[in-house]
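**Q** The structure follows.
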Amino acid sequence: MSCVIALARITLSIYTRSLLCAAALIIISAAMALALSRSTVDILSLAASVVLTLSLFRFDGIKLRLGLLAGSILWLIHNVYFQSWGGICLETCFCLSTLWGLWTIVREQNEKPKKEICL
């Protein structure tokens, strides 16, 4: 079910920036997390879902990447706690790819003023 919610979150965020859609996805995620949580550590997955949803619907550029990184780190902590090796590998890859994207954006932004000055 969480994969379906994640798919809906990503797909909808491509087509809309609606806070109403974001709120609906957060409410669905919260209801599911509260119904299925077995420990307080499960709240990390809910926090990650909220951060990722808000980031995808409201931000772009560096802020989007920072939100994606924060959500991935929360999932990574959750997966380490539960010793989910597949989840650890997946979130580590997400963190690394997000860091690469952040580095690329920052590098491009730092190069722009230099190019304008040289012209």
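The values are calculated or read from the model by the stated rules, or taken from the named source; none is laboratory data. Because the structure is a prediction, the values reported are computed rather than measured. For neighbour counting, all protein chains shown are included, and Cβ atoms are generated from backbone atoms with ideal geometry for every residue, glycine included. What goes into the accessible areas is simple: the full protein's heavy atoms, side chains included, and nothing from ligands, DNA or RNA. Shrake-Rupley method; radii C 1.70, N 1.55, O 1.52, S 1.80 Å.
**Q** Of N110, N79, which residue is open to solvent by 80 Å² or more (accessible area, probe 1.4 Å) and out of contact with any strand residue (DSSP E or B) (no Cβ under 8 Å at 6 or more places or on another chain)? Even if it seems obvious, please write down each step before you answer.
**A** On the way: N79 fails: open to solvent by 80 Å² or more (accessible area, probe 1.4 Å).
Within the list N110, N79, the selection yields N110.
**Q** Name every residue in segment 1-23 that is open to solvent by 100 Å² or more (accessible area, probe 1.4 Å), assigned to a helix (DSSP H, G or I) and closer than 25 Å to S37 by Cβ, in order of residue number.
**A** C3, L7
**Q** Of the residues that make up segment 32-50, is at least one open to solvent by less than 90 Å² (accessible area, probe 1.4 Å), modelled with pLDDT of 95 or more and assigned to a loop (DSSP other than H, G, I, E, B)?
**A** no
**Q** Could you list, ordered by first residue, the pairs with Cβ atoms under 6 Å in which the first is in segment 92-105 and assigned to a helix (DSSP H, G or I) and the second is surrounded by 11 or more Cβ atoms within 10 Å (Cβ to Cβ) and polar (S, T, N, Q), at least 6 apart or interchain?
**A** Sorted first by the residue in segment 92-105, then by its partner, the pairs are F94/S72; C95/S72.
**Q** Let me ask something else about it. Run down S97, S55 and say which single residue is open to solvent by less than 70 Å² (accessible area, probe 1.4 Å), at pLDDT 95 or above and under 10 Å from the mean Cα position of the chain (by Cα). Before you say what the answer is, go through the steps one by one.
**A** Working: S97 fails: under 10 Å from the mean Cα position of the chain (by Cα).
Checking each option against the conditions leaves just S55.
**Q** While we're here: Residue check: is S18 in contact (Cβ under 8 Å) with a residue 24 or more places away in the chain and closer than 20 Å to A70 by Cα?
**A** On the way: in contact (Cβ under 8 Å) with a residue 24 or more places away in the chain: yes; closer than 20 Å to A70 by Cα: no.
When the stated conditions are applied, S18 does not pass them.
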